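First the structure, in the form of structure tokens, and then the observations on it.
The values are calculated or read from the model by the stated rules, or taken from the named source; none is laboratory data. The structure presented is a predicted model; accordingly, all values stated were derived computationally and were not measured. Cβ atoms come from the backbone with ideal geometry, glycine included; neighbour counts cover every protein chain shown. For accessibility, only protein heavy atoms count, side chains too; no ligands or nucleic acids. Shrake-Rupley method; radii C 1.70, N 1.55, O 1.52, S 1.80 Å.
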Amino acid sequence: MLAFKLAFKNLVGAGLRTWLNVSVLSFAFVVIVFYNGMLDGWNRQGRSDTKAWETGNGQYWHPLYDRYDPFSLQDAHAVVTGEAAKLTKENQITPILITQATAYPQGRMLNVMLKGIDPNQKILMIPSGSLKAQNGEIPALIGKRMAESTHLQKGDHVLVRWRDVNGTFDAREILITEIFSSNVPTIDVSQIYVPLSSLQEMTGMKDEATFLVANGTLNNTEIKGWTFKDSKFLLKDFDEMIDTKKGGSRIIYLLLLSIALLAIFDTQVLSIFRRQKEIGTYIALGMTRSRVIRLFTVEGSMHSILALILGSLYGIPLMLLINKYGIPMPKSADQAGIAISEKIIPFYSLGMLVSTVLLVVISATIVSYFPTRRISKMKPTDALKGKIQ
Amino acid sequence: MQNSEIIKIENLTKRYHMGENDFTALRNINLTFSKGEFTGLVGPSGSGKTTLLNIIGSLDNPTEGNAIVLGNSVSELTHKQSAVLRNYHIGFIFQTYNLLSVYTVFDNVEFALLLQKHTVAERQKMVMEALDWVGLADKAQSKPAQLSGGECQRVSIARAMVKRPEIVLADEPSANLDAANSHHIIQTMKKLNRELNTTFIFATHDEKVMQYLDRIIHLKDGRIEKDLIMPDSKTESHVSL
Ligand SMILES: Nc1ncnc2c1ncn2[C@@H]1O[C@H](COP(=O)(O)OP(=O)(O)OP(=O)(O)O)[C@@H](O)[C@H]1O
Ligand SMILES: [Mg+2]
């Protein structure tokens with residue numbers, strides 16, 4: 001306690017230099033919190049969007065389905081029977097059937113995925129309700145990214161060509177009945193949604209599905225003939241992307257932190273050199289050298305406490321402001337194919353805050369301690385003369 | 001009590017390594033100091049005065065021989081024990097005051113007490129009493145930079161005396177002061193020496209200081225040249241301020 005009181009007085013007494021160090025360190029602290037908060041906010045938002053639009057609360061895959069291999073679709077389909085049929089009826093799962101197809105919007109040719117989805121499903125946010133059959137035409141739903149790249153509009157017809165279950169080509173015009181907007185590019189780009197029953201009929205895969213999307217009430221229940229994939233698996237790409245981003249930002253803020261720590265280290269070296277007489281006086285007054293070391297270490301490490309206070313003073317209002325308006329994200333991030341909203345609201349978890357505070361305090365303490373070891377080699381008489389080189 | 005021996009120096013030699021050869025700063029010193037002495041170590045520059053004070057204050061160790069301070073053999077004390085000895089029993093007064101500039105006068109005087117076990121109220125009382133002794137109670141909240149040299153040295157006397165040590169070691173306490181201030185601080189110390197029976201040992205060249213000493217030990221080239229008792233030293237009453 002004594003060390004804290006003395007250290008505080010010494011530090012504040014040192015004036016400008018202290019505040020310079022403290023400012024730099026507080027800046028590093030705020031940047032670390034902000035970066036992490038932004039990524040965590042993105043992570044939470046992206047995960048919940050991806051779950052709501054694409055992955056649900058897990059999926060039951062046909063054993064041959066591989067989301068990275070479109071050719072697996074030829075064989076990855078099976079009739080939804082028994083338990084699966086029962087759960088579908090109860091709206092606990094919703095079947096999705098996928099077929100590779102070619103679309104010809106405005107005379108161009110485009111490889112797409114035709115996805116059959118139940119118009120009455122409530123598990124995914126995809127507005128499948130707008131897939132209403134209209135005088136014999138097949139209604140279709142696309143996302144805004146798909147609409148932009150193909151210049152397709154609501155009410156347009158587009159020719160699609162696909163292979164049925166026997167490998168025979170067939171083609172038909174479908175009618176775009178709705179364009180939806182989602183933060184999740186992976187359910188949008190190059191995809192056309194049609195009613196499940198229509199696709200089953202077009203492909204000759206009656207009652208079949210590629211995978212089944214589960215809702216929240218279904219907790220890892222096994223369904224015979226289907227392989228359960230949990231959210232962790234389904235969101236792996238997204239998590240990896242966030243981790244990569246975290247790695248990148250870590251370099252930036254560790255650099256910033258290092259600069260701040262270097263300044264503290266430098267101040268410590270200098271103050272131990274310049275304050276020899278003071279050190280000698282402490283010893284003459286009855287402090288042991290280890291106690292003097294503690295005093296100087298606490299003093300250096302106190303920079304971090306002041307930095308936390310200063311950082312909170314300007315950081316908290318700043319972050320509240322940012323959280324009110326969100327951070328606008330560039331379009332380019334969207335094109336990378338990862339879920340991202342137009343604005344990210346940073347999220348500051350207690351764990352992240354605590355570990356950042358610990359990182360700052362502990363690293364400041366370590367760099368403060370190293371220079372003080374010199375004190376243990378000082379002879380008190382030399383220190384009092386103040387002429388150790 | 002008056003004449004009990006509190007410091008005993010036996011065959012003390014102090015050598016410093018100076019590159020190839022050693023330099024002998026103190027040679028075979030034998031001395032005893034009694035409780036309540038007001039003694040000066042006098043001698044030319046380099047004669048070993050500071051070296052001897054430092055050894056008595058257990059800031060340094062003898063090369064040979066022994067210094068026994070309040071029953072403790074200085075060379076056998078651990079770091080911690082010698083820190084305790086200084087903290088409770090020895091006060092230091094330096095030529096350059098060595099006040100801690102970021103602390104107030106009060107904090108400076110309080111410092112040694114913080115290392116001991118006292119309540120806030122006890123410390124407050126002891127510090128204000130010590131500041132009263134040196135006539136600086138009204139400057140308790142000043143910073144050293146706002147004080148004159150004489151006032152600074154009085155603060156450092158209060159700092160040395162606040163814990164009521166048995167021994168005060170003062171190395172050239174008047175060297176940076178003018179005549180009036182020198183008289184003032186030495187009289188203050190003499191008064192405390194009489195009232196609290198504290199042993200004072202000075203290192204000094206200052207004639208003004210010497211007038212007040214009860215005993216003068218002349219050092220030369222690290223040896224004791226003379227050890228004189230001064231029967232008619234001045235007391236604080238001889239001079240008006
Ligand atoms: N750390 C040291 N290393 C080497 N020599 C030293 C050291 N400290 C003191 N000396 C030498 O020991 C001798 C005695 O020094 P000391 O400081 O005790 O003298 P002093 O009597 O206090 O002198 P002054 O009146 O100038 O203060 C000097 O010649 C000095 O050069
Ligand atoms: Mg000297």
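Please report, to two decimal places, log10 I(q)/I(0) for the stretch A:59-229 at q = 0.09, 0.16, 0.17, 0.19 Å⁻¹ as given by the Debye formula with identical point scatterers on the Cα atoms and no solvent. So the normalised log intensities are -0.28, -0.92, -1.04, -1.30. Net charge dipole, the stretch A:249-351: roughly 340 debye, given to the nearest 20, about the Cα centre with Cβ charges of +1 for Lys and Arg and -1 for Asp and Glu. Across peptide A:272-285, the average count of Cβ atoms from other chains found within 10 Å of a residue's Cβ is 5. Taking 7 Å steps out from each Cα toward its Cβ at residue B:218 and residue B:138 produces label points 4.5 nm apart.
Dipole size of the stretch B:1-119 about its Cα centre, with +1 on Lys/Arg Cβ and -1 on Asp/Glu Cβ: approximately 120 debye, rounded to the nearest 20.
Among the GluC sites (Glu not before Pro) in the stretch A:171-233, which ones are in a DSSP loop with at most 13 other Cβ atoms within 10 Å of the Cβ? Mind listing them? Could the numbers behind the result be given before it?
Numbers: sites: A:173, A:178, A:201, A:208, A:222; in loops: A:222.
Filter output for the stretch A:171-233: A:222.
Please report the projected area of the protein assembly as shown's Cα convex hull averaged over all directions, in nm². Working shown, then result.
Working: hull surface 166.1 nm².
Averaging across all directions leaves 41.5 nm² for the Cα convex hull.
In this simple spin-label approximation, residue A:197 and residue B:22 carry label points 7 Å from Cα along the Cα→Cβ vector, and these lie 11.0 nm apart.
Across the options B:29, B:40, B:13, the greatest Cα extent toward the positive end of the charge dipole of the stretch B:7-161 (unit charges at beta carbon of Lys, Arg, Asp, Glu) belongs to B:40.
Let's test the formula: R0 of 56 Å, r as the Cβ-Cβ distance of residue A:171 and residue A:325. What FRET efficiency results, to the nearest 0.05?
Details: r = 49 Å, r/R0 = 0.87.
Once the sixth-power term is evaluated, E becomes 0.70.
In terms of Cα to Cα distance under 25 Å, which lysines are near enough to residue A:154, apart from those fewer than 8 places away along the same chain? Partners found: A:115, A:122, A:132, A:144, A:331. Taking amide H as placed 1.01 Å from N in the peptide plane, the amide H of residue B:227 sits under 5 Å from that of B:218, each at least 5 places away or on another chain.
What FRET efficiency, computed as 1/(1 + (r/R0)^6) with R0 = 56 Å and r the Cβ-Cβ distance, is obtained for residue A:387 and residue B:120, rounded to the nearest 0.05?
Details: r = 38 Å, r/R0 = 0.67.
The formula returns an efficiency of 0.90 here.
Under 12 Å from the Cβ of residue A:62, count the other residues' Cβ atoms, weight Lys and Arg +1, Asp and Glu -1, and hand me the total. Every neighbour counted, the sum reads -1.
Given Cα pairs under 8 Å that are at least 6 residues apart, what percent is the relative contact order of the stretch B:136-241? Value for the stretch B:136-241: 23 percent.
How many partner chain Cβ atoms sit within 10 Å of a residue's Cβ in peptide B:105-112, on average, as a whole number?
Working: counts 0, 0, 3, 2, 0, 0, 7, 4.
Shielding by partners across B:105-112 averages 2.
Placing dummy labels 7 Å off each Cα toward the beta-carbon, the span from residue A:111 to residue A:349 is 3.8 nm. Counted residue by residue at 0.36 nm each, then reduced by the alpha carbon distance between them, the extension gain from residue A:64 to residue A:259 reaches 64.9 nm.
Once backbone amide H atoms are built at 1.01 Å from N, residue B:24 has B:16 as its partners under 5 Å, excluding neighbours fewer than 5 places away on the same chain. Starting from the stretch B:62-113, pick out the chymotrypsin sites (Phe, Trp or Tyr not before Pro) whose DSSP state is loop and whose Cβ has at most 12 other Cβ atoms within 10 Å. Passing both the DSSP loop test and the Cβ count: no residue.
The sum of -39500 (n - 2.57) across all DSSP H runs of n ≥ 4, divided by the residue count of chain B, sets its helix-only mean residue ellipticity at 222 nm to -10000 deg cm²/dmol. Backbone geometry of the stretch B:50-65 corresponds, through the Karplus equation with coefficients 6.51, -1.76 and 1.60 at θ = phi - 60°, to 3J(HN,Hα) couplings of 4, 4, 5, 4, 4, 6, 4, x, 6, 8, 9, 10, x, 7, 9, x Hz, x marking Gly and Pro. Scalar couplings 3J(HN,Hα) for the stretch A:13-18, obtained by applying the Karplus form with A = 6.51, B = -1.76, C = 1.60 to θ = phi - 60°, are x, 6, x, 3, 4, 4 Hz; x denotes Gly and Pro. For the residue pairs A:385/B:226; B:163/B:191; A:9/A:377, the alpha carbons lie more than 18 Å apart in A:385/B:226; A:9/A:377. Among A:95, A:128, A:63, whose Cα projects farthest towards the positive end of the dipole of the stretch A:59-229, with charges put on the beta-carbon of Lys, Arg (+1) and Asp, Glu (-1)? Working it through, the farthest residue towards the positive pole turns out to be A:128. Helical runs assigned H by DSSP (4 residues or longer) give chain A a calculated mean residue ellipticity at 222 nm of -17000 deg cm²/dmol, each run adding -39500 (n - 2.57) before division by the residue total. For a modelled paramagnetic label at residue A:228, 7 Å from Cα along Cα-to-Cβ, the residues of the stretch A:189-219 in reach, with backbone nitrogen under 17 Å, are A:211-219.
May I ask you to list the GluC sites (Glu not before Pro) in the stretch B:1-91 that are in a DSSP loop and have at most 15 other Cβ atoms within 10 Å of their Cβ? Can you show the working numbers first?
Numbers: sites: B:5, B:10, B:20, B:37, B:64, B:76; in loops: B:20, B:37.
Of the GluC sites (Glu not before Pro), the ones in loops of the stretch B:1-91 whose Cβ has at most 15 other Cβ atoms within 10 Å are B:20.
Applying the Karplus relation 6.51 cos²θ - 1.76 cosθ + 1.60 with θ = phi - 60° to the stretch B:128-133 yields 3J(HN,Hα) values of 5, 5, 5, 5, 4, 3 Hz, where x marks Gly and Pro.
Tally up the carbon and sulfur contribution to the accessible surface of the protein assembly as shown as a whole percent, 1.4 Å probe, everything protein left in place.
Numbers: 16230 of 29030 Å².
Answer for the protein assembly as shown is 56 percent, counting heavy atoms of protein chains only.
Which of A:50, A:99, A:281 ends up with the largest GNM mean-square fluctuation for chain A, with Cα atoms connected below 10 Å? Among A:50, A:99, A:281, the largest GNM mean-square fluctuation belongs to A:281.
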